1. Do we have any residue at all in region 39-57 that's over 17 Å from residue 117 (Cβ atoms), free of Cβ contacts under 8 Å to residues at least 60 places away in the same chain and in contact with a strand residue (DSSP E or B) (Cβ under 7 Å, 6 or more places away or on another chain)?
2. Quick one: which residue in 134, 130 is in contact with a helix residue (DSSP H, G or I) (Cβ under 7 Å, 6 or more places away or on another chain), exposed (fewer than 14 other Cβ atoms within 10 Å of the Cβ), within 30 Å of residue 23 (Cβ to Cβ) and modelled with pLDDT under 85?
3. Taking residue 58 as meeting all but one of (1) outside any helix (DSSP H, G or I); (2) surrounded by 15 or more Cβ atoms within 10 Å (Cβ to Cβ), write down the number of the exception.
4. Give 34, 90, 120 a once-over and let me know the one that is over 27 Å from residue 154 (Cα atoms), touching a strand residue (DSSP E or B) at 6+ places or on another chain (Cβ under 8 Å) and not in a loop (DSSP other than H, G, I, E, B).
5. Tell me which of these residue 147 doesn't satisfy, since it passes every other one: (1) surrounded by 14 or more Cβ atoms within 10 Å (Cβ to Cβ); (2) within 30 Å of residue 27 (Cβ to Cβ); (3) at pLDDT 90 or above.
6. List the residue pairs whose Cβ atoms are under 7 Å apart, where the first residue sits in region 68-79 and is on the phi > 0 side of the Ramachandran plot, the second is surrounded by 13 or more Cβ atoms within 10 Å (Cβ to Cβ), and the two are 6 or more positions apart or on different chains.
7. Could you check region 66-84 and list, in sequence order, the residues that are surrounded by fewer than 19 Cβ atoms within 10 Å (Cβ to Cβ) and either part of a strand (DSSP E or B) or in contact with a helix residue (DSSP H, G or I) (Cβ under 7 Å, 6 or more places away or on another chain) (or both)?
């Protein structure tokens, strides 16, 4: 064949193959980012539940540290862009798994003394894809962790509240 007639063929072939390869490359990168985000969210829930089991009930630092922030940083997570403490729900449960009505009440039997488990859940977290041309948002399933209570911020001998 004549070389003059084949001049644009390589450009067209690269356009088709390049589109396929770059879409595949971005897809692999996004799957890695999604896998990282899911693991980080799972760790945030586990970490928050552990902190809630050993820290004082009314300590706001628990949820801030759960999302990988410092104690004084009340903004979004430094590790996951749109994760904030509003995504987290902290619950205190009794021996049957029912929600304790007033966990800060230290005098009644339905308060602090009834707490046997601590549960932290994260729901409705939206993961946004960065693949060019695909503006897809994925709502991830709920993450939950439940642990038995430990000190809940109280020193066993004196009963004084210890900070986290």
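The values are calculated or read from the model by the stated rules, or taken from the named source; none is laboratory data. In this text, all values refer to a predicted model and were calculated from it rather than measured experimentally. Virtual Cβ from ideal backbone geometry, glycine too; neighbours counted across all protein chains shown.
1. no
2. Details: 134 fails: in contact with a helix residue (DSSP H, G or I) (Cβ under 7 Å, 6 or more places away or on another chain).
130 is the lone residue from the list that is in contact with a helix residue (DSSP H, G or I) (Cβ under 7 Å, 6 or more places away or on another chain), exposed (fewer than 14 other Cβ atoms within 10 Å of the Cβ), within 30 Å of residue 23 (Cβ to Cβ) and modelled with pLDDT under 85.
3. Checking residue 58 against (1) outside any helix (DSSP H, G or I); (2) surrounded by 15 or more Cβ atoms within 10 Å (Cβ to Cβ), the one that fails is (2).
4. Details: 90 fails: over 27 Å from residue 154 (Cα atoms); 120 fails: over 27 Å from residue 154 (Cα atoms).
Of 34, 90, 120, the one residue that is over 27 Å from residue 154 (Cα atoms), touching a strand residue (DSSP E or B) at 6+ places or on another chain (Cβ under 8 Å) and not in a loop (DSSP other than H, G, I, E, B) is 34.
5. Of the numbered conditions (1) surrounded by 14 or more Cβ atoms within 10 Å (Cβ to Cβ); (2) within 30 Å of residue 27 (Cβ to Cβ); (3) at pLDDT 90 or above, the odd one out for residue 147 is (2).
6. That search, which allows pairs on different chains as well, returns 68/44; 68/77; 68/79.
7. Just the residues of region 66-84 that are surrounded by fewer than 19 Cβ atoms within 10 Å (Cβ to Cβ), to begin with: 68, 70-76, 78-82, 84.
If the condition is that a residue be surrounded by fewer than 19 Cβ atoms within 10 Å (Cβ to Cβ) and either part of a strand (DSSP E or B) or in contact with a helix residue (DSSP H, G or I) (Cβ under 7 Å, 6 or more places away or on another chain) (or both), then 68, 71, 73, 74, 79, 80 are the ones that fit.
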